[in-house]
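Colleague: I'd like to ask you about the structure that follows.
The values are calculated or read from the model by the stated rules, or taken from the named source; none is laboratory data. Every value quoted in this text rests on a predicted model; they were computed, and no experiment measured them. All Cβ positions, glycine included, derive from the backbone under ideal geometry; neighbour counts span all protein chains shown.
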Amino acid sequence: MSKSHRIPRLQEALKQLFNLALQQKLRDPALEWVNITEVLISKDLRHAKLYFSHYNNPASHDAIREQLTKSSGFFKKQIAGAQIMRTIPELTFFYDETEDRAEKVETLLASIKQNYDDDDGAYDPDINLDDYLDDDEVFEVDEDEEIYKEFLEEEEEEEEAGK
């Protein structure tokens, strides 16, 4: 397998391995509901950044990071036991802020929607204009041109009268 495919494949395999270990083998109550969301391995395979989330775990990000760091020996044994890699990388843990950012965006969108005054019949992006247009209606171009010519003539007369 080419090197360009090796690292992403390793990253995905490690992510699955770590999540399985967290859920089934580690049995640490402090790490309940913790999930490894992404694994990034350096090109030389000596370092791995592990991003985690903890949606239902009320502990602070720092407390969970500290607990994961204490458990890094356990995770390294999992890598060795699975024989995924010859060299065992140094593991560094980071909180994945994706959920926090998504929650902020959701809150912002909800506040915008709440502040949007729809009672005045203003623009509604969900309205389909085709529902309001009559397909059978035909516009008379000649008639519209006549109206426009009359409008231009009236403007010219008003300009001449104003001079």
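Colleague: Only one of 91, 109, 152 is modelled with pLDDT of 80 or more and in contact with a His (Cβ under 9 Å, 6 or more places away or on another chain). Can you tell me which? Before the answer, list the steps.
Modeller: Values: 109 fails: in contact with a His (Cβ under 9 Å, 6 or more places away or on another chain); 152 fails: in contact with a His (Cβ under 9 Å, 6 or more places away or on another chain).
None of the others qualify; the one that does is 91.
Colleague: Something else: Take residue 55 and tell me if it is in contact with a helix residue (DSSP H, G or I) (Cβ under 8 Å, 6 or more places away or on another chain) and loosely packed, with under 12 Cβ neighbours inside 10 Å.
Modeller: Considered against the rule, which asks whether it is in contact with a helix residue (DSSP H, G or I) (Cβ under 8 Å, 6 or more places away or on another chain) and loosely packed, with under 12 Cβ neighbours inside 10 Å, residue 55 comes out as yes.
Colleague: Collect the residues in the stretch 61-83 that are surrounded by 15 or more Cβ atoms within 10 Å (Cβ to Cβ) and β-branched (Val, Ile, Thr), keeping them in residue-number order.
Modeller: 64, 79
Colleague: In the stretch 65-103, what residues are under 23 Å from the mean Cα position of the chain (by Cα) and either under 16 Å from residue 16 (Cα atoms) or of a type outside the set (D, E, K, R) (or both)?
Modeller: Scanning the stretch 65-103 gives 93, 94, 95, 98, 102.
Colleague: Right, another one. Please go through the stretch 52-63 and pick out each residue that is outside any loop (DSSP other than H, G, I, E, B) and out of contact with any strand residue (DSSP E or B) (no Cβ under 7 Å at 6 or more places or on another chain). Explain how you work it out, then say what you get.
Modeller: So in the stretch 52-63, the residues outside any loop (DSSP other than H, G, I, E, B) come out as 52-53, 61-63.
Correct list: 62, 63.
Colleague: Looking only at the stretch 80-99, filter to residues that are part of a helix (DSSP H, G or I) and in contact with a strand residue (DSSP E or B) (Cβ under 9 Å, 6 or more places away or on another chain); which one of those is nearest to residue 42 (Cα to Cα)? Explain how you work it out, then say what you get.
Modeller: Of the residues in the stretch 80-99, the ones part of a helix (DSSP H, G or I) are 80-82, 98-99.
Narrowing the set further to residues that are in contact with a strand residue (DSSP E or B) (Cβ under 9 Å, 6 or more places away or on another chain) leaves 98-99.
Working: 98: 22, 99: 25 Å.
Among residues in the stretch 80-99 that are part of a helix (DSSP H, G or I) and in contact with a strand residue (DSSP E or B) (Cβ under 9 Å, 6 or more places away or on another chain), the one nearest to residue 42 (Cα to Cα) is 98.
Colleague: While we're looking at this one, here's another question. If you check residue 105 against the conditions, is it aliphatic (A, V, I, L, M) and touching a Phe, Trp or Tyr at 6+ places or on another chain (Cβ under 9 Å)?
Modeller: So residue 105 does not fit the description; no.
Colleague: I'd like to know if the stretch 26-36 contains one or more residues that are part of a helix (DSSP H, G or I) and loosely packed, with under 12 Cβ neighbours inside 10 Å. Give the derivation first.
Modeller: First, pick out the residues of the stretch 26-36 that are part of a helix (DSSP H, G or I): 26, 29-31.
Okay, now just the ones that are also loosely packed, with under 12 Cβ neighbours inside 10 Å, so 29.
Looking through the stretch 26-36, at least one residue is part of a helix (DSSP H, G or I) and loosely packed, with under 12 Cβ neighbours inside 10 Å.
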